[in-house]
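First the structure, which I've put down as structure tokens, then a few questions once you've had a look.
The values are calculated or read from the model by the stated rules, or taken from the named source; none is laboratory data. The structure presented is a predicted model; accordingly, all values stated were derived computationally and were not measured. Neighbour counts run over all protein chains shown; Cβ positions are idealised from the backbone, glycine included.
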Amino acid sequence: MRSALVSLLFLGLFKYVVTEGGFCSAPSVVGLESNSNPLYLKVDNPTLSPMHLKDLPGFTRSVYRRDHALISPESHVYGPLPDWINTSGAYLIAPQMGSHFVMYLAKLQEKSKSGLPPHDVERFIFVLRGAVTLTTDTSNRHTLKVDTYAYLPPNYNHIIECDASATIVVFERRYAHLENHVPELIVNSTDLQPLLETPGEVFELRKLLPTSLAYDFNIHIMDFQPGEFLNVKEVHYNQHGLLLLEGQGIYRLGDNWYPVQAGDVIWMAPFVPQWYAALGKTRTRYLLYKDVNRNPL
């Protein structure tokens, strides 16, 4: 009986890695949003696991190691966000695991309102579902829809509000000040950012923040067509926080190989070997945090 169960689980996991059926298929790109198939649908409504394993008690794809973590959607734990109103959040990357930044999903409900980050902490928000209104200390109001984003410098007064419901991903970190360099408020959209050259690579790259020294991190949007993969097997001092927005594939972290899909979050510590290959019939798109422009010392 025991050997039969082991064989069944092995067969299921094998099928999960090599067939499309075990993954969450990515939605088509349909502008900002449509009622039938909103952009980044699978981030908020992922396939938790293969059909033959989803009811297995204790099953999860989530993994935490010294130098990396994979947090899959079935492991998200939501609770009230401090100083936010009508908003629940799931902290997915935090200093307790070894990072120097936090990354969390915030689900805003009707008449929700954000709180401010701690002193000297900068904030980046990216809309995954619905729409939010950003009001700055100059009383300017910005409507942010899916695939739009905002960078809020440290100690910058602002409020994020929602009249209906929305989901955003938030990055926060304590700003590393650099003399004579001051970051500014940025409100923009992914599709307005140019494609950048990636010598020796095939993926498409957009950077959502300026590359100037005022900014101590950047957010990359990276697109892979089916079958494309990273040429460089990266090992570097920069930390990463990654959210898969669309698609599916295989991520190598250290000596481990993980099947991943839309909705998965990955933390990569300094110097962990990392590599990605896109699988399936639709593109992979992921959002990637990377610390930049500062001396590691």
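Taking Pro259, is it surrounded by 15 or more Cβ atoms within 10 Å (Cβ to Cβ) and either touching a Cys at 6+ places or on another chain (Cβ under 7 Å) or farther than 19 Å from Pro73 by Cα (or both)? Spell out the reasoning first.
Numbers: surrounded by 15 or more Cβ atoms within 10 Å (Cβ to Cβ): yes; either touching a Cys at 6+ places or on another chain (Cβ under 7 Å) or farther than 19 Å from Pro73 by Cα (or both): no.
Taking the combined requirement at face value, the residue does not satisfy it.
Being of a type in the set (Ser, Thr, Tyr) and outside the structural domain of Leu297 (by TED's automatic domain parsing) is true for just one of Tyr175, Tyr251. Which residue is that?
Tyr175
Conditions (1) modelled with pLDDT under 95; (2) more than 25 Å from Pro95 (Cα to Cα); (3) part of a strand (DSSP E or B), marked per residue:
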{"residue": "His236", "(1), (2), (3)": "no, no, no"}
{"residue": "Gly241", "(1), (2), (3)": "no, no, yes"}
{"residue": "Val272", "(1), (2), (3)": "no, no, no"}
{"residue": "Ala278", "(1), (2), (3)": "no, yes, yes"}
{"residue": "Lys281", "(1), (2), (3)": "yes, yes, no"}
{"residue": "Asn293", "(1), (2), (3)": "no, no, no"}
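Looking at the stretch 143-180 only, could you name the residues that are out of contact with any Leu (no Cβ under 8 Å at 6 or more places or on another chain) and assigned to a loop (DSSP other than H, G, I, E, B)?
Pro154, Asn155, Asp163, Ala164, Tyr175, Ala176, His177, Glu179, Asn180
Additional query: Any residue in the stretch 169-198 that is of a type outside the set (A, V, I, L, M, F, W, C) sitting within a Cβ distance under 7 Å of a residue that is modelled with pLDDT under 95? List the pairs, counting only those 6 or more apart or interchain.
Listed by first residue and then by second, the contacts come to nothing, as the list is empty.
Can Tyr286 be described as under 16 Å from the mean Cα position of the chain (by Cα), at pLDDT 95 or above and part of a strand (DSSP E or B)? So that I can check it myself, show each step before the final result.
On the way: under 16 Å from the mean Cα position of the chain (by Cα): yes; at pLDDT 95 or above: yes; part of a strand (DSSP E or B): yes.
Yes; evaluated as a whole, the condition is true for this residue.
Same structure, new question: Answer with yes or no whether Arg129 is over 18 Å from Asp216 (Cβ atoms), loosely packed, with under 15 Cβ neighbours inside 10 Å and basic (Lys, Arg). Lay out the reasoning, then the answer.
Numbers: over 18 Å from Asp216 (Cβ atoms): yes; loosely packed, with under 15 Cβ neighbours inside 10 Å: no; basic (Lys, Arg): yes.
No, not satisfied.
Restricting to the stretch 228-244, and then to whatever is surrounded by fewer than 18 Cβ atoms within 10 Å (Cβ to Cβ) and aliphatic (A, V, I, L, M), can you tell me which residue is nearest to Ser62 (Cα to Cα)?
Val235
State whether one or more residues within the stretch 98-117 are among the hydrophobic types (A, V, I, L, M, F, W, C), more than 18 Å from Ala150 (Cα to Cα), touching a strand residue (DSSP E or B) at 6+ places or on another chain (Cβ under 7 Å) and assigned to a strand (DSSP E or B). Steps first, please.
Taking the stretch 98-117 first, the residues among the hydrophobic types (A, V, I, L, M, F, W, C) are 101-103, 105-106, 108, 116.
Then keep just the ones that are more than 18 Å from Ala150 (Cα to Cα); that gives none.
There is no residue in the stretch 98-117 that is among the hydrophobic types (A, V, I, L, M, F, W, C), more than 18 Å from Ala150 (Cα to Cα), touching a strand residue (DSSP E or B) at 6+ places or on another chain (Cβ under 7 Å) and assigned to a strand (DSSP E or B).
Can you tell which of Val292, Val182, Val272, Val265 is closer than 24 Å to Tyr149 by Cα and in contact with a His (Cβ under 9 Å, 6 or more places away or on another chain)? Walk me through how you get there before you give the answer.
Details: Val292 fails: in contact with a His (Cβ under 9 Å, 6 or more places away or on another chain); Val182 fails: in contact with a His (Cβ under 9 Å, 6 or more places away or on another chain); Val272 fails: closer than 24 Å to Tyr149 by Cα.
Going through Val292, Val182, Val272, Val265 in turn, just one is closer than 24 Å to Tyr149 by Cα and in contact with a His (Cβ under 9 Å, 6 or more places away or on another chain): Val265.
Arg174 - would you say it is among the basic types (Lys, Arg), touching a strand residue (DSSP E or B) at 6+ places or on another chain (Cβ under 6 Å), under 23 Å from His100 (Cα atoms) and modelled with pLDDT of 95 or more? Walk me through it before giving the result.
Values: among the basic types (Lys, Arg): yes; touching a strand residue (DSSP E or B) at 6+ places or on another chain (Cβ under 6 Å): yes; under 23 Å from His100 (Cα atoms): yes; modelled with pLDDT of 95 or more: yes.
Yes.
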